[in-house]
1. Just name the residue that is least open to solvent (accessible area, probe 1.4 Å) out of those in segment 125-151 that are more than 19 Å from Pro349 (Cα to Cα) and among the acidic types (Asp, Glu).
2. Of all residues in segment 123-148, count the ones that are more than 14 Å from Leu301 (Cα to Cα), among the β-branched types (Val, Ile, Thr) and not in a helix (DSSP H, G or I).
3. Evaluate the following for Leu120: is it in a helix (DSSP H, G or I) and either modelled with pLDDT of 95 or more or on the phi < 0 side of the Ramachandran plot (or both)?
4. Say we look at segment 229-278 and pick out the residues that are surrounded by 15 or more Cβ atoms within 10 Å (Cβ to Cβ) and among the basic types (Lys, Arg); which of these is farthest from the chain's Cα centre (by Cα)?
5. Does Gly91 qualify as being part of a loop (DSSP other than H, G, I, E, B), modelled with pLDDT of 95 or more and over 18 Å from Cys341 (Cα atoms)?
6. Report yes if some residue within segment 205-222 is of a type in the set (Val, Ile, Thr), open to solvent by less than 60 Å² (accessible area, probe 1.4 Å) and within 26 Å of the chain's Cα centre (by Cα); otherwise report no.
7. Name the single residue, out of those in segment 88-104 being open to solvent by 40 Å² or more (accessible area, probe 1.4 Å) and in contact with a strand residue (DSSP E or B) (Cβ under 8 Å, 6 or more places away or on another chain), that is farthest from Gln8 (Cα to Cα).
8. What do you reckon, is Glu410 acidic (Asp, Glu) and either open to solvent by 80 Å² or more (accessible area, probe 1.4 Å) or over 30 Å from Arg437 (Cα atoms) (or both)?
Amino acid sequence: TEDKHHPQAHVDIYEKQLVPFGLVRFGVAPDHPEVKNVINTFTQTARSARCAFRGNVVVGRDVAVPELRAAYHAVVLSYGAEDHRALEIPGEELPGVFSARAFVGWYNGLPENRELAPDLSCDTAVILGQGNVALDVARILLTPPEHLEKTDITEAALGVLRQSRVKTVWIVGRRGPLQVAFTIKELREMIQLPGTRPILDPADFLGLQDRIKDVPRPRKRLTELLLRTATEKPGTEDAARQAPASRAWGLRFFRSPQQVLPSPDGRRAAGIRLAVTRLEGVGEAARAVPTGDTEDLPCGLVLSSVGYKSRPIDPSVPFDPKLGVIPNMEGRVVDVPGLYCSGWVKRGPTGVIATTMTDSFLTGQMLLQDLKAGLLPPGPRPGYAAIEALLSSRGVQPVSFSDWEKLDAEEVSRGKGAGKPREKLLDPQEMLGLLGR
């Protein structure tokens with residue numbers, strides 16, 4: 001937005017990965033290529049003469065935020081929520097327990113997760129959490145591997161999925177059907193997954209028909225689809241698809257994780273103990289409280305998908321550890337003039353690409369308002385020239401957008417043979433080598 005509304009603005013984008021596009025590349029599921037089309041818009045922006053990409057630079061380590069603030073008129077922090085919320089239960093550290101964030105990073109080729117090597121030799125997996133990420137992970141675990149062969153999933157992940165023995169995936173939530181966080185598109189994809197049938201307990205949906213009259217339309221449509229799937233006989237098309245189904249997925253409601261149960265030798269996860277819950281309050285605000293009952297669910301794989309959280313980036317930047325955000329007023333960082341934030345680090349880890357884009361436009365507008373009002377430092381600033389000198393003295397080698405375009409061409413050419421859109425490069429050293437560094 002800066003470019004459109006300010007014809008003299010120069011924008012430098014600092015990124016800790018060697019490659020651009022963040023969650024669009026490393027978060028969006030490989031079987032959702034249409035969602036990645038936003039990369040085309042990003043690429044147009046990055047090719048502007050007034051915009052520069054500086055990859056392989058870790059802000060807070062390679063360069064401090066005060067150093068950036070001294071070199072630029074304004075600095076915007078949009079570094080998202082790269083940590084996962086821990087379960088904080090016994091047994092969480094056992095082999096076979098992973099965060100959904102790391103699992104997604106593994107199949108999407110995030111360099112830091114390339115060694116994950118999940119063991120998929122068990123027949124039951126449990127996913128804790130009922131948001132879109134939970135459904136993405138369930139869908140990737142249950143999709144016939146031949147349906148993923150033409151996506152940009154990594155070859156390593158595809159190899160592990162081909163050997164997978166996982167037959168049943170339980171998606172577990174503390175609250176009820178009216179509080180699930182996934183959207184109807186993701187639910188529909190699960191219901192229509194080839195070779196897979198849904199297991200929903202009609203008892204979980206008793207009395208819901210009357211209670212959804214007054215809920216907002218998206219929630220109503222979602223709940224109606226859940227209700228139909230749970231209570232109606234599948235239609236001919238669905239029945240034909242589900243009859244030979246060797247795999248299944250199910251939603252378990254009113255269950256909160258209490259402990260990961262170890263195998264007899266104590267060496268890995270073999271199940272999960274769930275506290276049975278009931279709801280206090282109604283609708284979105286309802287809280288799950290334990291009833292005192294528990295149940296044990298045997299499984300060899302536990303994936304926790306109970307939310308992301310942001311980390312503090314630099315001691316000079318205020319941070320609210322409870323909310324996991326940078327305290328801000330409409331994107332202006334509290335008490336630090338010229339410093340802004342947008343996205344998940346501004347609002348918390350909710351919403352999709354469109355939400356985050358709208359949000360970043362708002363932050364951009366605030367910055368431009370402050371510029372107009374004379375609230376940003378006057379006079380020239382050195383910009384990248386000053387930072388380049390610092391990085392160079394610290395042995396940091398930034399990667400430019402034209403460097404990325406070389407890596408991009410290499411990925412595309414490696415994918416061609418297998419009929420894939422690309423084969424992602426996973427090793428930062430190999431990437432630097434290909435760039436002659």
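1. Glu149
2. 1
3. Values: in a helix (DSSP H, G or I): no; either modelled with pLDDT of 95 or more or on the phi < 0 side of the Ramachandran plot (or both): yes.
Taking the combined requirement at face value, the residue does not satisfy it.
4. Arg241
5. Numbers: part of a loop (DSSP other than H, G, I, E, B): yes; modelled with pLDDT of 95 or more: yes; over 18 Å from Cys341 (Cα atoms): yes.
Answer is yes for this residue.
6. If we filter segment 205-222 for residues that are of a type in the set (Val, Ile, Thr), which is where we start, we get 212, 215.
Now restrict to residues that are open to solvent by less than 60 Å² (accessible area, probe 1.4 Å): 212, 215.
Okay, now just the ones that are also within 26 Å of the chain's Cα centre (by Cα), so none.
No, there is no match, as no residue in segment 205-222 is of a type in the set (Val, Ile, Thr), open to solvent by less than 60 Å² (accessible area, probe 1.4 Å) and within 26 Å of the chain's Cα centre (by Cα).
7. Our first condition is that a residue be open to solvent by 40 Å² or more (accessible area, probe 1.4 Å); within segment 88-104, this holds for 88, 90, 92-93, 95, 101.
Going one step further and asking which of them are in contact with a strand residue (DSSP E or B) (Cβ under 8 Å, 6 or more places away or on another chain), we end up with 90, 92, 95, 101.
Numbers: Pro90: 56, Glu92: 52, Pro95: 53, Arg101: 39 Å.
Among them, the one singled out is Pro90.
8. Working: acidic (Asp, Glu): yes; either open to solvent by 80 Å² or more (accessible area, probe 1.4 Å) or over 30 Å from Arg437 (Cα atoms) (or both): no.
Taking the combined requirement at face value, the residue does not satisfy it.
The values are calculated or read from the model by the stated rules, or taken from the named source; none is laboratory data. On a predicted model such as this, the values are computed, not experimentally measured, just so you know. Because the Cβ atoms are built from the backbone with ideal geometry, glycine has one as well, and the counts that use them run over all protein chains shown. Protein only, heavy atoms only, side chains kept; ligands, DNA and RNA dropped before computing areas. Shrake-Rupley method; radii C 1.70, N 1.55, O 1.52, S 1.80 Å.
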